[in-house]
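Structure first, then comments.
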Amino acid sequence: MNESELFSRTQHLITTCAQVGLSVAGAESLTGGRFVATLVDVPGASAVVRGGLITYATDLKSRLAGVDADRLEETGPVDELVAAQMAAGTARECVADIGVACTGVAGPQPQDGQPVGLVYTAIAFAGKAQVSEHHFGGDRNAIRSQTVAAMIVGLDEFASRLAYGTEVNEHGRR
């Protein structure tokens, strides 16, 4: 997804959320704030975006986003339940309707036995979370960019289903 397509999709997401009164917050690990920065690049984002948590360090996932410390000790930070708890925690801590999160390995080396390119993204709403597993390729920057795009697309589809009961296509259209 190029920058123009990403902006268009983000614009659609912001418009949809604003129309139905949904607020969003993000918990980011490997993206280091790029997701929320992408959201706020769109004029009008202040009606939707509550904020975010940059939980790059493993201990901050627990301290700021409420991830179970025992789970982090057991599995490490690159785990689907960790992603789900990050999403739920950021929604709670930022007082947002929807929490979105990512955790993964951008490289250049594997982390805690997890391969470069393995990323979990999660969306939490109304006490439930859906998690997606991704296997991205490329260098560190490419993996981080693909993660942000996956978060935007996933959230746009989720918000559109909530708002309209429909899916959106790759151009952000119903």
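Below, the figures for the structure above:
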quantity: Residue 133 being at pLDDT 95 or above, assigned to a strand (DSSP E or B) and not β-branched (Val, Ile, Thr); calculated: yes
quantity: Scan of region 26-51 for residues that are small (Gly, Ala, Ser), farther than 18 Å from residue 4 by Cα and either surrounded by fewer than 17 Cβ atoms within 10 Å (Cβ to Cβ) or free of Cβ contacts under 8 Å to residues at least 40 places away in the same chain (or both), ordered by number; calculated: 32, 33, 46, 47, 51
quantity: Matching residues, region 114-129, being surrounded by fewer than 14 Cβ atoms within 10 Å (Cβ to Cβ) and either closer than 19 Å to residue 32 by Cα or modelled with pLDDT of 95 or more (or both); calculated: 115, 126, 128
quantity: Residues of region 101-129 satisfying the condition of being without any contact (Cβ under 8 Å) to a residue 40 or more places away in the chain and over 20 Å from residue 74 (Cα atoms); calculated: 107, 108, 109, 117, 123, 125, 126, 127, 128
quantity: Single residue of region 1-20 satisfying the filter (free of Cβ contacts under 8 Å to residues at least 40 places away in the same chain and farther than 16 Å from residue 146 by Cα) that is surrounded by the most Cβ atoms within 10 Å (Cβ to Cβ); calculated: 14
quantity: Odd one out for residue 119 among (1) touching a Leu at 6+ places or on another chain (Cβ under 9 Å); (2) in a helix (DSSP H, G or I); calculated: (2)
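Residue-by-condition table, conditions (1) under 20 Å from residue 129 (Cβ atoms); (2) modelled with pLDDT under 95; (3) in contact with a helix residue (DSSP H, G or I) (Cβ under 7 Å, 6 or more places away or on another chain):
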{"site": "11", "(1), (2), (3)": "no, no, no"}
{"site": "19", "(1), (2), (3)": "no, no, yes"}
{"site": "33", "(1), (2), (3)": "no, no, no"}
{"site": "42", "(1), (2), (3)": "no, no, yes"}
{"site": "65", "(1), (2), (3)": "yes, no, yes"}
{"site": "71", "(1), (2), (3)": "yes, no, yes"}
{"site": "88", "(1), (2), (3)": "yes, no, no"}
{"site": "91", "(1), (2), (3)": "yes, no, no"}
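The values are calculated or read from the model by the stated rules, or taken from the named source; none is laboratory data. As the structure is a prediction and not an experimental result, all values here were calculated from the model. Methodologically, a virtual Cβ is constructed for each residue, glycine included, from the backbone with ideal geometry; neighbour enumeration extends over all protein chains shown.
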